[in-house]
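**Student:** So that we are looking at the same thing, I have put the structure below in structure tokens.
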Amino acid sequence: MITSFDLRYKSELRNLLIVLVLLDTGVRNSELVRIKLEDINFQNRSIYVYATKTNTFRTVYYSKETERILNVYRREVLKGTEKGPLFVKFHRQFNEPMLGSEINTEMVYNLLSRKAKKIFGPDIRMNPHKFRHTFATHFVINGGDPFSLRDLLGHTNIETTKIYVDMSLKDLTTKHDEHSIFTNIENNRQAGNYHEN
């Protein structure tokens, strides 16, 4: 999906950034549309997010790849604007940004749905929550712990976080094999890095 955006159009640059932020941070759709430029710490690649669902604030982080696209978006679309909504509406006829006009959750849902149907066919269902689930699953598969994930997702209860992490027994077995103390001892022994006393 990420490579399907036609970056000759400024609105597509915005849409790509929406997908990257959803995948990279795990924010809810309602949180995404409320992100202001003032909420972003560009030095440590973090966003201070207000969670309407829990009426709390939290910090989420984004990657260098998202940072790269964010910088292009700020330069090409926001034209150096330092305050106001990160994700702005576009004038349909001229494909020009309407600075200061924030998008809404329905717009995000519709653009993801349209993009998915265009790429994967008319039967595919795509919504912002699937990106949140993908973020959570990959966070754990790649070695992240459930407590950090709970904080990044803004859950108040670890049990809620466990629902998101729907890993199969095979995934758990594979992770165990990769990180088991005995697997690592054996790998080090084979590499000549382990010596018994």
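Readers should treat all values here as calculations from the given coordinates under stated rules, not as data from a laboratory. None of these values were measured; they are calculated from a predicted model. So basically every Cβ, Gly included, is an ideal-geometry build from the backbone, and we count neighbours across all protein chains shown.
**Student:** Exposed loop trypsin sites (Lys or Arg not before Pro) only (DSSP loop, at most 10 other Cβ atoms within 10 Å): please give the longest stretch of the chain free of them, not including the sites.
**Tutor:** The segment 126-197 is the longest one with no such site.
**Student:** Further question: If one computes the Cα centroid of region 85-114 and of region 16-70, what distance in Å separates the two points?
**Tutor:** After rounding, the separation between the Cα centres reads 17 Å.
**Student:** Tell me the chymotrypsin sites (Phe, Trp or Tyr not before Pro) within region 1-46 that lie in a loop according to DSSP and have at most 16 other beta-carbon atoms within 10 Å.
**Tutor:** Sites meeting the loop and neighbour criteria: 9, 42.
**Student:** Further question on the same structure: To two decimal places, what compactness ratio does region 39-84 give when its Cα radius of gyration is scaled by 2.2 N^0.38 Å?
**Tutor:** Normalised Rg, Cα atoms only: 1.28.
**Student:** Moving on to the next point. Enumerate the calculated ³J(HN,Hα) couplings along region 80-95 in order (Karplus 6.51 cos²θ - 1.76 cosθ + 1.60, θ = phi - 60°), each rounded to whole Hz, writing x wherever the residue is Gly or Pro.
**Tutor:** Here the 3J(HN,Hα) series is x, 4, 10, 9, x, x, 5, 9, 10, 6, 10, 5, 4, 6, 10, 6 Hz.
**Student:** For Rg and Dmax of the Cα atoms in Å, several values are listed as (1) 16.1, 49; (2) 18.9, 57; (3) 20.0, 75; flag the one computed from this structure.
**Tutor:** Computed from these coordinates, Rg and Dmax of the Cα atoms in Å corresponds to label (3).
**Student:** Further question on the same structure: Hey, what did region 2-143 get for relative contact order, percent, Cα under 8 Å, at least 6 apart?
**Tutor:** The normalised contact order for region 2-143 reaches 28 percent.
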